[in-house]
1. Can you work out which of the residues in the range A:19-39 that are touching a Leu at 6+ places or on another chain (Cβ under 8 Å) and in a helix (DSSP H, G or I) is farthest from the other protein chains (Cβ to nearest Cβ)?
2. Within the range B:127-163, can you find the residues that are open to solvent by less than 40 Å² (accessible area, probe 1.4 Å) and part of a loop (DSSP other than H, G, I, E, B)?
3. Give the number of residues within the range A:77-112 that are assigned to a helix (DSSP H, G or I), away from chain B (no Cβ under 13 Å) and open to solvent by 30 Å² or more (accessible area, probe 1.4 Å).
4. Quick one: would you say B:Asn37 is surrounded by 21 or more Cβ atoms within 10 Å (Cβ to Cβ) and closer than 25 Å to B:Arg401 by Cα?
5. Within the range A:148-194, track down each residue that is without any contact (Cβ under 8 Å) to a residue 60 or more places away in the chain, in contact with a Leu (Cβ under 8 Å, 6 or more places away or on another chain) and farther than 22 Å from A:Ile315 by Cβ.
6. What is the one condition in (1) acidic (Asp, Glu); (2) within 8 Å of chain B (Cβ to nearest Cβ); (3) open to solvent by 60 Å² or more (accessible area, probe 1.4 Å) that A:Asp68 does not satisfy?
7. Just the residues that are assigned to a strand (DSSP E or B) and hydrophobic (A, V, I, L, M, F, W, C), please, taken from the range A:180-200.
2 protein chains.
Amino acid sequence: MDSSRAYARSLDRQDALAGYREQFFISNDDMVYMDGNSLGRLPRDTMQRVQQVVEQQWGANLIRSWGDNWFEAATRVGDKIGAFVGAAPGQVAVSDSTTVNLFKLAMAALILRPGRSKIVTDAFNFPSDLYVLQGCNRLLNDRCRIQVVPSGDGISADLDNTLAAIDEDTALVTLSHVVFKSGYLYDAAVITRRAHEQGALVLWDLSHSVGAVPVVLDEWGADFAVGCTYKYLNGGPGAPAFLYVNRALQGEALSPIWGWFGDTAPFAFDLDYRPADGIRRFLAGTPPILSTLAMESGVDLLAEAGIARLRAKSIALTGYMIDLVDALLAAHGFSLGTPRDAARRGSHVSVRHPEGYRINRALIEEMNVLPDFREPDNLRLGLAPLYTSFEDVWQAVERIRVVMVEGRYRRYPTTRAAVT
Amino acid sequence: MDSSRAYARSLDRQDALAGYREQFFISNDDMVYMDGNSLGRLPRDTMQRVQQVVEQQWGANLIRSWGDNWFEAATRVGDKIGAFVGAAPGQVAVSDSTTVNLFKLAMAALILRPGRSKIVTDAFNFPSDLYVLQGCNRLLNDRCRIQVVPSGDGISADLDNTLAAIDEDTALVTLSHVVFKSGYLYDAAVITRRAHEQGALVLWDLSHSVGAVPVVLDEWGADFAVGCTYKYLNGGPGAPAFLYVNRALQGEALSPIWGWFGDTAPFAFDLDYRPADGIRRFLAGTPPILSTLAMESGVDLLAEAGIARLRAKSIALTGYMIDLVDALLAAHGFSLGTPRDAARRGSHVSVRHPEGYRINRALIEEMNVLPDFREPDNLRLGLAPLYTSFEDVWQAVERIRVVMVEGRYRRYPTTRAAVT
């Protein structure tokens, strides 16, 4: 392969999405930002949008904005995200956090399958998802066994194992579509089909998928899904999450959290809860307006770019990075922590090294590279197709190489600072 | 009484908090804003604060801001609110919505009292709170009876009735400290004492109290509390809520929603949930950073003004309004829907009229007054001591009088538009 910077630049010149980079606020051109899979960059339009919501809608228009556009914001923006994840209108809402939404939908699913005693998930899943399941099960008096399928070689799932775990005693299958450490991408259609054959319900966590890989919830026949909006959707730190409930389940499924925004007539102030028809019954309290509207610019940008082009660039970026890792970093003790098969990977690349923690520190402190580190040895490099350039990829790998050649990581302690 | 505008102006000249009005964004000087109990005004500092968080912390500093100040934001801002509600540090966190927080704490309480089968609340409580209790009880297989104490004369609680409902079978007592329609203010110390004598736990909803009336959670010995930040705290539309858990209960009480931000080591990514020590275990997913930091300016302003001065002005404002209602509106068929005893009322005044719905419409459409309407006949007039002037109060009553004298409300339909 050609590992020159000039080649990276030639790839950028041929990039159909290159123009989108200018749509983002970039204050430091030398910074190599490799963490868009954790916190997406700030869209320039979002700055104006936030100011307009704060000053005009809140400051000037005050309570009247509820009638003007706030009351419908959760489902209106939800439908925009829905269009992006293959969901027909009326099945997606913006609401709460990913964790809270997962709680709502996992409980709804478990209550819909009262006679079954197994939850299937895997060790690749984001720990918060596992914690939610453990908490749900506790509320149900430990009715279920949570089968955590081992994570195969740590890079790719052993799909046969996962499929075999789903049986006629399974109430719920819930997995991360793209897993947070290795970036492995599940075949959601196959899993969903197997679950339905066994009478189980399926809940997908799309946090690392949405905005980066194609998601077609209706086509899969998915029952439930949740996802994060502050990664590839660029919604801002801690922006509210989204949830999907297949229309076929909206009549019988019920949120465990009964709140006024999920009531059929919130402003009638009746004393007894009557769940709203449709997706609104999965809302709980007053929606987070400022952050729901702030995320809209990011969603619009992605929709305009289109998932086909985003996915094509994502595969090109991750493939290029893998080639560079092989060419420049393997000799320094790095191994790839991400599937080589493009069809089975999302939009980040994990590279593994026994000194990963210290290397990450050196990159941040000295090299103006922002990756992140995931225990025990993963440097995670997120490539956001809307604004990551091929030259960014080249720079990231080159600066890692410099850290290794110059031994810069050795200045940092091997012990992790406790996160308190 | 002196019902002249000049007198209102003289009261403003003597108002120790008059200077705070300038700290808020006011785009339309003729508007009489009477809905600060529903959505507080925008503090001017919040505009700069939001811009700084968006552009500097998110846009420029990106993921590094988690380490700089985001990770601690929920508890740091929580402690600021805590100081304002009589809670020693480490007992309050900003998190989720009021509804979700109420769900977490009500479930925690019910699980701590497994042998008891009664929840005591009242018909004054905000309906979403009742819905949450109904949902919790459903999850517990309808273990409890929810005793909804009737709302007395519709204005003030029959305290003896409420106290009598609390018995040795009561697991949880939960009430709105200031009730949303009439503005009745409960004696929280008396209720809490009675509950504890009977071995029950108490959960206060402070949504209509915080920022307007004195709250001393530790002194009351309250077990749990939740509250809204977008009313008198001026946190912005749908801003995240806060929760309080008395330190004495933080070891045994557990949130039903187990998420990574409530785990003892979120970034260790262990597969099994281990609840954090302290208030952090009641967090769930990634905190809503933008809106948590946006609320800080509003909280700081209130803290600077101090609850003693805020309460004194609130009583003066509501007392003045009641006098004007008696003098100018009683003759037009209005009755007072709020306690006359200042010690028993919060910071809004309800006035009742059979044509309340149409009068509210006329005020909004023609008179540039923004109150709100609550079924069946309440015009709710919120008086926020930090920015509502005595002249605002005079203007509101005078414009209502004009609507009545000129019969303007008759132009509007009597049927409510369905809220969809």
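1. A:Tyr20
2. Residues satisfying the conditions are B:Leu140, B:Cys144, B:Ser151, B:Gly154, B:Ile155, B:Ser156, B:Ala157.
3. 4
4. Values: surrounded by 21 or more Cβ atoms within 10 Å (Cβ to Cβ): yes; closer than 25 Å to B:Arg401 by Cα: yes.
Considered against the rule, which asks whether it is surrounded by 21 or more Cβ atoms within 10 Å (Cβ to Cβ) and closer than 25 Å to B:Arg401 by Cα, B:Asn37 comes out as yes.
5. A:Val148, A:Thr162, A:Val173, A:Arg194
6. Just one mismatch for A:Asp68, condition (2).
7. Keep residues of the range A:180-200 that are assigned to a strand (DSSP E or B), which gives A:184-185.
Once the filter is applied, which keeps residues that are assigned to a strand (DSSP E or B) and hydrophobic (A, V, I, L, M, F, W, C), the range A:180-200 yields only A:Leu185.
For (1) within 12 Å of another protein chain (Cβ to nearest Cβ); (2) closer than 27 Å to B:Leu302 by Cα; (3) not hydrophobic (A, V, I, L, M, F, W, C), each residue gets a yes or a no:
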position: B:Asp122; (1), (2), (3): yes, no, yes
position: B:Asn125; (1), (2), (3): yes, yes, yes
position: B:Leu140; (1), (2), (3): yes, no, no
position: B:Arg145; (1), (2), (3): no, no, yes
position: B:Leu163; (1), (2), (3): no, no, no
position: B:Phe180; (1), (2), (3): yes, yes, no
position: B:Ala195; (1), (2), (3): no, no, no
position: B:Ala200; (1), (2), (3): no, no, no
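The values are calculated or read from the model by the stated rules, or taken from the named source; none is laboratory data. The structure displayed is predicted, hence computed values, not measured ones. Neighbour counts are summed over all protein chains in view; Cβ atoms, including those assigned to glycine, are modelled from backbone coordinates with ideal geometry. The accessibility values were calculated without ligands, DNA or RNA, using every heavy atom of the protein model including side chains. Shrake-Rupley method; radii C 1.70, N 1.55, O 1.52, S 1.80 Å.
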